[in-house]
1. Check off (1) surrounded by 12 or more Cβ atoms within 10 Å (Cβ to Cβ); (2) at pLDDT 95 or above for residue 33 and give me the number that stays unchecked.
2. Output the number of the condition that residue 44 fails; it satisfies all remaining conditions of (1) exposed (fewer than 10 other Cβ atoms within 10 Å of the Cβ); (2) under 23 Å from residue 72 (Cβ atoms); (3) modelled with pLDDT under 85.
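The values are calculated or read from the model by the stated rules, or taken from the named source; none is laboratory data. Small disclaimer: the values here were computed from a predicted structure and weren't measured. Cβ sites come from the backbone with ideal geometry, for glycine too, and all protein chains shown count toward neighbours.
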């Protein structure tokens with residue numbers, strides 16, 4: 001496995017994956033830098049809640065997760081580097 005890239009150059013060190021099928025291959029992945037963490041959250045029952053028209057409730061819970069992460073990141077001076085993603089599904 002190649003050496004772990006430092007955070008400042010991480011994105012520029014990633015080789016693009018041109019073929020969708022290659023995403024199933026281990027060689028398409030690289031380790032994260034040592035100072036990174038990955039956090040995942042799933043809003044239980046969100047699909048049903050959205051179908052019932054409760055999108056705002058689901059969104060509020062999702063934003064609360066992001067706010068909590070930003071609070072933790074601030075305590076370690078990393079809140080500017082916090083990236084978030086929501087699938088919306």
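1. (2)
2. (3)
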